[in-house]
1. Amide H of Leu73: which non-local residues (sequence gap of 5 or more, or other chain) have their own amide H closer than 5 Å, using H built in the peptide plane?
2. What does the highest-first list of 63-71, 161-169 look like by mean Cβ count within 10 Å?
Amino acid sequence: MKTRTIRTRPRGTTALALLPALALTACGSGGATGTGPAGAQSPAPTADPVAAVHTVDSVAALLPADVRRSGTLRIGSSVGSPPGAYYPNGPGKAPAGQDIDITDAVAKVLGVKPVRQDASFETILPALGSGKYDVGDTTQKDSGLAEPLADALNHIIGNGTYAKVLKRWGLSGEAVTRSETNPPGLPKTGG
């Protein structure tokens with residue numbers, strides 16, 4: 001049997017689903033409808049609200065050291081239909097949607113590269129617990145990433161990127177302002 005050195009918040013235990021902010025925009029918000037399969041669908045909007053997002057050093061400094069060192073944020077994404085996350089050019093191609101835009105914006109604020117892997121909704125939480133992913137775009141689990149992810153989300157909400165993502169995908173900010181779905185500490189978007 002191997003002997004392991006115990007560290008606080010090793011990468012395997014810092015898994016966190018990317019706050020309900022992702023899921024809450026998909027439920028109860030108006031806009032695009034689509035209940036079809038995750039195959040080729042309508043093209044993604046061309047405006048990129050994430051392009052202007054930059055690293056915020058004070059937020060990036062909150063990341064666990066192992067995530068900072070790796071330079072990546074491993075994301076389990078449940079890709080389904082627009083506007084959440086879907087494949088506008090068919091399976092195996094780059095996904096698009098507000099969940100994708102938001103996780104990309106959060107990764108940029110944190111100064112890490114998003115490395116996304118498809119995962120079914122029901123497998124994301126166990127994969128977070130096993131250390132396969134750092135972040136999932138469906139559910140929240142408390143970990144060492146909670147503070148930096150919440151700060152990154154605060155930043156993209158505060159600078160207007162979040163509202164631009166919602167607008168890009170034809171969504172209203174109504175779901176975000178519902179306190180029962182808003183993670184603690186996140187400001188209201190007013191969208």
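1. Answer set, sorted by chain and number: Lys113, Val115.
2. 161-169, 63-71
Rule-based calculations on the coordinates, nothing more; no lab input. Please read these numbers as outputs of a predicted model, since none were measured by experiment. Reconstructed Cβ throughout: ideal geometry from the backbone, glycine too, with neighbour counts over all protein chains shown.
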